[in-house]
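The values are calculated or read from the model by the stated rules, or taken from the named source; none is laboratory data. Remember, it's a predicted structure, so these values are computed and weren't measured experimentally. No Cβ is skipped: glycine too gets one built from the backbone with ideal geometry, and neighbour counts run over all protein chains shown. With ligands, DNA and RNA removed, areas are computed over all heavy atoms of the protein, side chains included. Shrake-Rupley method; radii C 1.70, N 1.55, O 1.52, S 1.80 Å.
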Amino acid sequence: MATIAIYSLKGGVGKTTLAVNLAWCAATLSARRTLLWDLDPQAASTFLLGERKTKEPAQAVFTKDADPAKLIRKTAVAQLDLLGADSSLRGLDILFHELDKKKLLTKLLAQAGKNYDRVLLDCPPGITETSDQVMRAADLIVVPVIPSPLSARAFAEVEERLGKRAALLPVHAMVDKRRKLHAEALARHPDWPVIPMASLIEQMAAKRAPIGQFAPRSAAAQAFAALWVAIEKRLATSKGA
């Protein structure tokens, strides 16, 4: 099992879009048994793939010794399951600090991911106790970066603080090549994968489905597929997966 975290210091950079579409690619294009674990209290991935249907709050996995596997639910996508989020995760950073168990998420991933080939984490933004847990647990951190000075600055901070502790894969997201700033940013990092800005991405919330499911031939779907191929290559190189 390999763990891929979708993480950003900033919010609003397309993190959930990446998480849901990459999870779909893992399950559908690579035929991997895939789990998407939503760690963000906004629960956007959970909304897109199906509401939580458990009596236990999402934080119970961390506080009540609840077996994560019992909270996992199937989605409409074959081979893609979901460990959903809710507002109870708003206190997760404080909980990690109070428990003082540096590898708690790593331990829980071993339990939750035992029946899966790939686990993707949709992480909340910020450099926090949760992000520290994620950096210890993940094999690869995918970081969406909008081609703008502020987003680039945020990634530089992530790279400075976390680059020595985790394998990072920056991805240019929400790209409009007609914009000068975007074109200049892409020229500075021609080796970074690119996800275009597309109206289809906005339709995900209305359709509650990954783009590959309702527009498989679109440029956006092809971009997510190409990114997933790059991720699989990175994992194969680092772990022999």
Of all accessible heavy-atom area on the chain, the percent that carbon and sulfur account for (1.4 Å): 52
Probe 1.4 Å, all protein chains present, accessible-area order of LYS10, LYS207, LYS74, largest first: LYS74, LYS207, LYS10
Nitroxide proxy distance, nm - points 7 Å out along Cα→Cβ at ARG136 and THR106: 0.6
Calculated diffusion of the stretch 5-136, Stokes-Einstein form, Kirkwood radius summed over Cα pairs, 4 °C and 1.567 mPa s, µm²/s: 89
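Compute the FRET efficiency between ALA78 and LYS114 as 1/(1 + (r/R0)^6), taking r as their Cβ-Cβ distance and R0 = 22 Å, and round to the nearest 0.05.
Values: r = 20 Å, r/R0 = 0.89.
Using R0 = 22 Å, I get an efficiency of 0.65.
Express in nm, to one decimal, how much length is gained between ARG178 and GLU160 on full extension, taking 0.36 nm for each residue of separation and deducting their alpha carbon distance. Could the numbers behind the result be given before it?
Values: separation 18, 0.36 × 18 = 6.48 nm, distance 3.02 nm.
Going from the current span to full extension adds 3.5 nm.
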Residues with amide H under 5 Å from that of ILE195, placed H, sequence gap 5 or more: HIS172, ALA173, MET174, VAL175
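Return the percentage of antiparallel bridges among DSSP beta bridges fully within the chain, rounded to the nearest 5 %. Let's see the in-between values first.
Details: 2 of 26 bridges.
Around 10 percent antiparallel, to the nearest 5.
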Helical contribution to [θ] at 222 nm, DSSP H n ≥ 4, -39,500 (n - 2.57), averaged over the chain, rounded to 500: -13000 deg cm²/dmol
Simple label model, 7 Å out from Cα along Cβ direction - ALA230 to LEU200, nm: 1.8
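Where the only charges are on Cβ atoms (+1 Lys, Arg; -1 Asp, Glu), what is the dipole of the stretch 59-176 about its Cα centre, to the nearest 20 debye? Could you put the intermediate results ahead of the total?
Values: 16 positive and 16 negative charges, 74 e Å.
Taking the Cα centre of the stretch 59-176 as origin, the dipole is about 360 debye.
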For the chain, built as a Gaussian network whose Cα springs stay under 10 Å, the top-fluctuating residue of ASP93, ASP65, ASP38: ASP65
Å² of accessible area per residue within the stretch 177-229, as computed with a 1.4 Å probe and no ligands counted: 62
Selected from SER131, THR237, THR46, residue furthest toward positive end of dipole (the chain; charges at beta carbon): THR237
Rough spin-label spacing in nm, given labels placed 7 Å along Cα→Cβ, for ARG90 and ARG33: 3.7
Cross-link partners of LYS55 among aspartates and glutamates (Cα-Cα below 13 Å; sequence separation of 8 or more within a chain): ASP86
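Over 28 Å between Cα atoms, which of LYS70/LYS164; LYS53/LYS233; LYS10/LYS207 qualify?
Numbers: LYS70/LYS164 35 Å; LYS53/LYS233 35 Å; LYS10/LYS207 26 Å.
The answer is LYS70/LYS164; LYS53/LYS233.
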GNM top mover of ALA209, ALA23, ALA60 - the chain, alpha-carbon springs below 10 Å: ALA60
